[in-house]
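The values are calculated or read from the model by the stated rules, or taken from the named source; none is laboratory data. Quick caveat: nothing in here was measured; it's all calculated off a predicted structure. Glycine also receives a Cβ, built like all others from the backbone with ideal geometry; neighbour counts cover every protein chain displayed.
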Amino acid sequence: MDNPTLRVAAVILYMLVVLAVGRALYLFLMRLKRKRTEALRAKALELGFTFQPEGWTDSRDQPLLETPLFGQGWRGQRDLPFTNLMTSSQNGLKISIFDYTYFIGGGKDTRVYRQTVGHFRKTAFTSRTSNSGQPALSTKYGTP
């Protein structure tokens, strides 16, 4: 390959192939992400949960996440840290199941971690019937 024109053409062809493979990989991963979201949506509806693909629409609804997992790394600006949120309240228990994404490192050494997390919280007050048939008040600290 002593001809400079052929060399330039080979470099351009190589770059086009790399870009095409990168684009195909990106589209494949986005398709997998969409399929997962749709499967989780169907399962949430089947189980009687509400489903929000973009996480909590109101940050006041977001539970306090004070475990070591949520203190690790940093959250991306472009990607939402909480996605595929399924929520339900049953028998005095608030249930949230969601995908959580965080990053560790920076630049070429950035590592992306994605985990599905379950958060269960007993609501502050639930109502149940006492032995006398009258409603009794129950708090998260036990029955008064």
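Testing LYS35 on (1) over 15 Å from ASN84 (Cα atoms); (2) exposed (fewer than 12 other Cβ atoms within 10 Å of the Cβ), one condition comes back false. Which one is that?
Unmet for LYS35, out of (1) over 15 Å from ASN84 (Cα atoms); (2) exposed (fewer than 12 other Cβ atoms within 10 Å of the Cβ): (1).
Condition first: among the polar types (S, T, N, Q) and assigned to a helix (DSSP H, G or I). Can you find one or more residues in the stretch 20-40 that meet it?
Yes, the stretch 20-40 has at least one match.
Regarding LEU80, is this residue assigned to a strand (DSSP E or B) and modelled with pLDDT under 70?
Judged against the criteria, LEU80 is not a match.
Find the residue count for the stretch 81-103, including only residues that are more than 8 Å from the chain's Cα centre (by Cα), farther than 12 Å from GLY118 by Cβ and buried (at least 18 other Cβ atoms within 10 Å of the Cβ).
1
Can you tell me how many residues within the stretch 104-115 are farther than 13 Å from LEU69 by Cβ and surrounded by 11 or more Cβ atoms within 10 Å (Cβ to Cβ)?
The qualifying residues number 3.
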